[in-house]
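Novice: Below is a structure I'd like to ask you about.
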Amino acid sequence: MTVLSNFFPAHQSIMEIEISRVRGSSPREEGARIYVSPATQCGTIGGGQLEYMAIDKARSLLRQQSIEVPQIMDVPLGPEIGQCCGGRVELTLTLMNQQLKQQRLREEVAEIAKRPAIYLFGAGHVGRALANSLSLLPVRPVLIDSRKEELALCRADIETYLTPLPEERMRMAAPGSTFVIATHDHALDFLLAREALARRDACYVGMIGSKSKAARFRHWLAGEAPELSAKDLICPMAKSVAVASEDKRPEVIAALITAELIAALNQGALVQKPLRSKVSEQ
């Protein structure tokens, strides 16, 4: 169920507000939208006074018997409205008909399908916390485990897979996918990490664990697959996040890993790395 497929049927009259033009600095980009009903709204165009004014205007239009729309609001983001972004935005307000609603629903489904997949191997405490954290972001988390009872504990609205062979799911992933390995079994972690590194096309490959676990994996990989490089494995995870934390609660660990994952996705980290002949001991 998408966000808009829940919102649209619940409200008879809806005004769409879209940032149709930006000059200078703006709290959101062109194309950002918020949907306004007489009592509530869905989405955001950046908050602040700009959004307040736009919602007020939209509800004023919804109260009218005859609405001439689309309508345009040209708003300078300066001291006069108490929002000092320094730019200027043009908003287009449109009363939604059924045709426009269906178009936006199709666009939302297409956008979700294009989101980068993040495969979470292991539905334990950290895996479930990551599922919760990532479910709020524009990514497609997939939680995979061989334990039915652990998967059942996941409350996030994401894809889940129960399989005795998680490495097969890894092989099926599209190029540029992200892999987080946090199972209940060190041997399985090592097997999955090797499988992910062998692809040589992942955006990010991370494995839960300490520096000593990473050292053991490097030693193991040198014997099992010396053609692969452990340099492309992130372990411990979240070490690139500029926060020193000794807090081991799953939710805190998940928050730090989430920040690292989003940074990796934005940078396209580790995509199309060349094959190395030796395992790094760094």
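The values are calculated or read from the model by the stated rules, or taken from the named source; none is laboratory data. What you see is a predicted model; the values in this text were computed from it and never measured. Ideal geometry is used to build each Cβ from the backbone, glycine not excepted, and the neighbour counts take in all protein chains shown. Surface accessibility is based on the protein's heavy atoms, side chains included, excluding ligands, DNA and RNA. Shrake-Rupley method; radii C 1.70, N 1.55, O 1.52, S 1.80 Å.
Novice: State the extension gain, in nm to one decimal, for the chain segment bounded by Thr163 and Gln267, taking 0.36 nm per residue of separation less the distance between their alpha-carbons.
Specialist: Full extension from Thr163 to Gln267 adds 34.3 nm.
Novice: Got a number for carbon plus sulfur as a percent of segment 115-271's accessible area, 1.4 Å probe?
Specialist: About 54 percent, which is the carbon plus sulfur part of the accessible surface.
Novice: Another question about this same structure. For segment 1-62, take N as its residue count and report Rg(C-alpha) divided by 2.2 N^0.38 Å.
Specialist: Output field value: 1.13.
Novice: Here's something else I'd like to know. If we count every other residue with Cβ under 14 angstrom of Pro164's Cβ, Lys/Arg +1 and Asp/Glu -1, where does the sum land? Please list the in-between numbers first.
Specialist: Values: positive: Arg147, Lys148, Arg169; negative: Asp145, Glu150, Glu167, Glu168, Asp185.
So the surrounding residues net to -2.
Novice: Let me ask another. Can you send over the carbon and sulfur percentage of the accessible area for segment 3-110, probe radius 1.4 Å, protein chains only?
Specialist: 46
Novice: With a 1.4 Å probe and all protein chains left in place, how much accessible area per residue does segment 115-271 have, in Å²?
Specialist: Heavy-atom SASA per residue in segment 115-271 reads 48 Å².
Novice: Let me ask another. Through the Karplus equation 6.51 cos²θ - 1.76 cosθ + 1.60, θ set to phi - 60°, convert the phi angles of segment 67-73 into ³J(HN,Hα) values in whole Hz; use x for Gly and Pro.
Specialist: Karplus values, whole Hz, x for Gly and Pro: 10, 8, 9, x, 10, 10, 10.
Novice: If you don't mind, there's one more thing I want to ask. Report the relative contact order of the chain, percent, no decimals, based on alpha-carbon pairs under 8 angstrom and at least 6 residues apart.
Specialist: 13
Novice: Please build a GNM for the chain, connecting alpha carbons under 10 Å apart, and tell me which residue among Phe217, Phe179, Phe121 fluctuates the most.
Specialist: Judging by the Gaussian network model, the answer is Phe217.
Novice: Another question, then. Considering only lysines 8 or more places apart in sequence, or on different chains, count the pairs in the chain whose C-alpha atoms sit under 27 Å apart.
Specialist: So the count works out to 22.
Novice: Now a separate question. In nm, what is the difference between 0.36 nm times the number of residues separating Gln98 and Glu111 and their Cα-Cα distance?
Specialist: That pair, Gln98 and Glu111, stretches by 2.7 nm at full extension.
Novice: Continuing with this model, one more query. Given the -39500 (n - 2.57) contribution per DSSP H run of 4+ residues, what per-residue ellipticity at 222 nm results for the chain, rounded to the nearest 500 deg cm²/dmol?
Specialist: -11500 deg cm²/dmol
Novice: Over segment 67-151, calculate the relative contact order: mean separation of alpha carbon pairs under 8 Å at least 6 apart, over the residue count, as a percent. Intermediate values should be presented prior to the final figure.
Specialist: On the way: 94 pairs, mean separation 17.9, N = 85.
Relative contact order for segment 67-151 comes out at 21 percent.
Novice: Then there is this: How far is helix 98-113 tilted off the main Cα axis of the chain, in degrees rounded to 10, range 0 to 90?
Specialist: With both axes taken from Cα atoms, the answer is about 20 degrees.
Novice: So, one more: Sort segment 51-154 into rounded, prolate or oblate with this rule: let a ≥ b ≥ c be the square roots of the eigenvalues of the Cα gyration tensor; rounded if a/c is under 1.5, and if a/c is not under 1.5, prolate when a/b is larger than b/c, oblate otherwise.
Specialist: Judged from the Cα gyration tensor, segment 51-154 comes out prolate (a/c at least 1.5, a/b above b/c).
Novice: Looking only at Cα atoms, what is the convex hull volume of the chain per residue, in Å³?
Specialist: For the chain, the hull spanned by Cα atoms encloses 164 Å³ per residue.
Novice: Taking N as the number of residues in segment 115-271, what value does Rg over Cα atoms divided by 2.2 N^0.38 Å take?
Specialist: Taking the Cα Rg and dividing by 2.2 N^0.38 Å, one obtains 0.95.
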